[in-house]
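Presented below is the structure to which this report refers.
The values are calculated or read from the model by the stated rules, or taken from the named source; none is laboratory data. Keep in mind that this is a model prediction, so the values were computed, not measured. All Cβ positions, even for glycine, are placed from backbone atoms using ideal geometry, and neighbour counts span all protein chains on display.
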Amino acid sequence: MRILVCVKHVPDTTEVRFDSATGELKVRQAPTKINNYDEHALEAAVSLRESAGAEIVVASVGPPEAAKTMKAAVAAGGDRAVLVTGDWASELDAAGTAAVLAAIARSEGPFDLVLSGDVSEDGYHSLVPGLVAVELGLPLVRGVSELALGDGKATVTRQLDDVVERYSVTLPAALSVSSSLNTPRTVTTLQIMKVAMSKVTTRSAADVGLDEAAFTGARAATRVVGLRPAAQPRRREVITGETDEIVKALVAKLEEAGVLA
């Protein structure tokens, strides 16, 4: 069993600030880390290895400093990691990112499973898992909340509102997992520091079979034209009177708004 886990190097979104004057996100000063959702994919791979045995390769595309994210992924259970980087790597859209990840999969493959988180916490586009599956010609199930392997198949469950769906997917396959699948194990700074850099391979686009010049130009399918914070309309109402009157009025207002059943 060979498993490829796709992860993203992202800014810590709790530290990102929005400049309303310029319409820009202030991300340069924010600390960076592995995408939270991808941690669940990595934990799923480690659990499968513990139960059935597997080799886990972690793949990512990003700036050179993403190597620290790859070390964290190895510390969390990956056997080794492959980072494709270059001056263009920070400017990729979802299509470009998927093309690089698929190229890594072809270069390092074959793989029985390609795992990723459902979304990235910096963009929330939720496009890359599907695009990677298309690039590799693999069946894809999104939002996996339960996962088991057997007889060359993956049996997966996902929940969509009140509907629970279960699929049996013949391997090889691609799966993107929800955060409800598991609880990722804690990795300490010391564990990350102990990971040898030999476990992290840094490659160029050409190393994984991509023409960097043609690739970067052709893959610039989208660009961000502007950002603005979502409007947060609030309604303020003051209730006056005696305490019991205020409580009754407040309960009535909450019931009217559907907050209380």
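Only one residue in Thr222, Thr170, Thr183, Thr201 is under 24 Å from the mean Cα position of the chain (by Cα), modelled with pLDDT under 90 and of a type in the set (S, T, N, Q), so which one is that? Break it down into steps so the answer makes sense when it comes.
On the way: Thr170 fails: modelled with pLDDT under 90; Thr183 fails: modelled with pLDDT under 90; Thr201 fails: modelled with pLDDT under 90.
The unique qualifying residue is Thr222.
If the condition is being under 23 Å from Leu48 (Cα atoms), out of contact with any strand residue (DSSP E or B) (no Cβ under 7 Å at 6 or more places or on another chain) and buried (at least 22 other Cβ atoms within 10 Å of the Cβ), then the range 97-118 contributes only Ala102. For the range 79-96, the tally of residues that are in contact with a helix residue (DSSP H, G or I) (Cβ under 6 Å, 6 or more places away or on another chain) and either of a type in the set (S, T, N, Q) or within 29 Å of Glu50 (Cβ to Cβ) (or both) stands at 6. Consider the range 119-152 and keep the residues that are in contact with a Leu (Cβ under 6 Å, 6 or more places away or on another chain) and among the β-branched types (Val, Ile, Thr). The one that is surrounded by the fewest Cβ atoms within 10 Å (Cβ to Cβ) is Val141.
Applying the selection to the range 125-163, what residues are under 15 Å from the mean Cα position of the chain (by Cα) and among the polar types (S, T, N, Q)? If the condition is that a residue be under 15 Å from the mean Cα position of the chain (by Cα) and among the polar types (S, T, N, Q), then Ser126, Ser145 are the ones that fit.
Of the listed requirements (1) buried (at least 21 other Cβ atoms within 10 Å of the Cβ); (2) closer than 27 Å to Thr186 by Cα; (3) out of contact with any Gly (no Cβ under 6 Å at 6 or more places or on another chain), Ala41 misses just one: (3). Can you confirm whether the range 106-124 contains a residue that is more than 16 Å from the chain's Cα centre (by Cα), among the aromatic types (Phe, Trp, Tyr) and modelled with pLDDT of 95 or more? Within the range 106-124, one or more residues are more than 16 Å from the chain's Cα centre (by Cα), among the aromatic types (Phe, Trp, Tyr) and modelled with pLDDT of 95 or more.
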